[in-house]
Amino acid sequence: MGVPVSQMWTVASYVLRQKLRGVTRYPLVLMLEPLFRCNLACAGCGKIQHPNSVLKRNLAAEECFQAVEECGAPMVSIPGGEPLLHPEIHEIVAGLVERKKYIYLCTNAILLEEHLDRFTPSKYLTFSVHLDGLQEEHDKAVCREGIYEVAVRAIRTAVERGFRVTTNTTLFNDADPESCKQFFDELMELGVEGMMVSPGYPYEKAPDQEHFLHRNETLQLFGKLLDRPKKSWRFNQSPLFLEFLRGRFDLECTPWGNPTYNLFGWQKPCYLVQEGYCGSFKELMETTDWELYGRCSGNPKCTDCMVHSGYEPSAVAQTFGSLKGFLRTAKVSLFGFGPSETVVSPRVEVGSEPESKTDAELVQLQEYLPMAGDAADSISETQSDEAVIELSTRS
Ligand code: SF4
C-alpha cells in the first residue's frame, strides 16, 4: 500500500488511543474547504454551484488553524474549489505542517507547477491530483481539453522535486474497466506514491445526474477493477475500503470520521450532504442525529453512497479497532486482493465477509505474521474490539 509507515503509525496509534479511552465517534480526516471557487466546472461536481458572493470568499488562515485544532484529527484533506486559488494556501499548509498534520492538498494541478516554489517537500504534505482517467476520459470529465496533459506534467515535476504526490479518481457508470487498468499503469509509471479511487456521489446539484453509479454498479465495476490487480499498483487507501468497494467486506458509514469545515461552519452531517451548519466541532458531534445517516438508516441520500469520505474512516476503524478488520487487512497486504468472484449480500452484517475461506487464510497468516498467531487464536474465542487492544499492548 502506498502510505508511509510514519503516517500509518500516527493513524493507528490515534485510533487505538480513542478505543482505549472509550471514544466511539472520533474524526480521522478533517475536510477543510477554504474556498468553493474553482478554475474548472466539472459536470459531476456538487461544490461550485454557490452564488458569486460566496465563490469570491476565502477562509482566513487563522480560521483554518482554529478548525484543525478544534477537530484534532491527525489528517487534513484540503479540497475545494481549487485550493491553489486561495491567496494564503502556502501559509495554511506551512501552519499545518508545523502542527504535524498529514495534509492532502487536492488539486486539479492546473496551477501546481507555477506554485511549487512556494511549498517545501515534507512527509506531512501530499499533493492529491485529480485525474479521472486517461486523456480522453479525464478531459471529458473536467469538461476541458488539454487538462490531462497539464496535470501529468505537473505530477512529473512535483515528483522530481521530492514532493509526495498521489492521485484521486472518481469513477462513474461509463468507466471502462480495461481502460481504467491501463490508466492505473500509467499513473504508476508517473511515479506517484499511490492512487485513490472512489465512486462518484450523486450530488443533487451536479449538472450531470445520469452517470452516477448505483451500489450494485459500484460493486460490479470495482469487482472487475480489483480482480487480481497488478502487484505494481499502489493504492493510497486502506485495503478494507477497497475490499468494501468490490463487495468482499461490508462497512457502515461513519460520517463523523471526515467532518467538513468550510465558509459556513461545520457542515451537518458529512462532506457530501448539507443539512445545516454548526458553530463548533463539539456542537456538530453532539447535536447531529447520526442515526439518520448511513446505509442502515434507510436515508435515500445514503442508499447508493460508497464514497471514501464516509467509508474510509470506517475501514480504518475496523483495521485498527477490530480483530477481523486487522486480519483481513493483513491478509490483503500479504497475499493481495485475490479474485472478485463473490459479492456481499446487501443485508450482510457490518465487518463480515461474503464467504469463508477464512480458516484456511488464517492458517496461512499464522505462518507469515508472528502477531497473527495470537490473533487467529483469539478470533474464534472472541471477536470483540477489546481483543485488538490487548493484542496491541502485548506486542
Ligand atoms: S452514507 Fe454517504 S451521504 Fe450518507 S452520511 Fe455517509 S458519507 Fe454522507
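Using Cβ contacts closer than 10 Å as the measure, can you line up 9, 233 from fewest to most?
Working: 9 10, 233 17.
Least crowded to most crowded, the residues run 9, 233.
Exposure proxy for 320, 335: other Cβ atoms within 10 Å of each Cβ, ordered fewest to most, give 335, 320. Arranged from fewest to most other beta-carbon atoms within 10 Å of their beta carbon, 68, 29 become 68, 29. Scaling against 2.2 N^0.38 Å puts the C-alpha radius of gyration of region 171-270 at 1.21.
Relative to a virtual label point 7 Å from the Cα of residue 230 in the Cα→beta-carbon direction, which members of region 173-196 show backbone nitrogen distances below 20 Å? The answer is 175-196.
Computed extension gain for residue 291 through residue 178, at 0.36 nm per residue and net of the alpha carbon distance, reaches 36.8 nm.
Taking every alpha-carbon pair under 8 Å whose residues sit at least 6 apart, region 49-187 reaches a relative contact order of 20 percent.
If you stretched the chain out fully between residue 216 and residue 9, how much longer would it get, using 0.36 nm times the residue separation minus the C-alpha to C-alpha distance? Intermediate values should be presented prior to the final figure.
On the way: separation 207, 0.36 × 207 = 74.52 nm, distance 3.40 nm.
Roughly 71.1 nm would be gained on extension.
For residue 160 and residue 25, what is the calculated FRET efficiency with R₀ set at 41 Å and r taken between the beta-carbons, to the nearest 0.05? It comes out at approximately 0.50. Of 56/282; 19/100; 230/331; 231/331; 47/268, which pairs sit farther than 24 Å apart, going by alpha carbon to alpha carbon? Cα-Cα > 24 Å for 56/282; rest within.
Every number in this text was worked out from the coordinates using simple rules, so none of it is lab data. What you see is a predicted model, and the numbers here were worked out from it, not measured in a lab. When we count neighbours, we look across all protein chains shown, and the Cβ atoms used for this are built from the backbone with ideal geometry, even at glycine.
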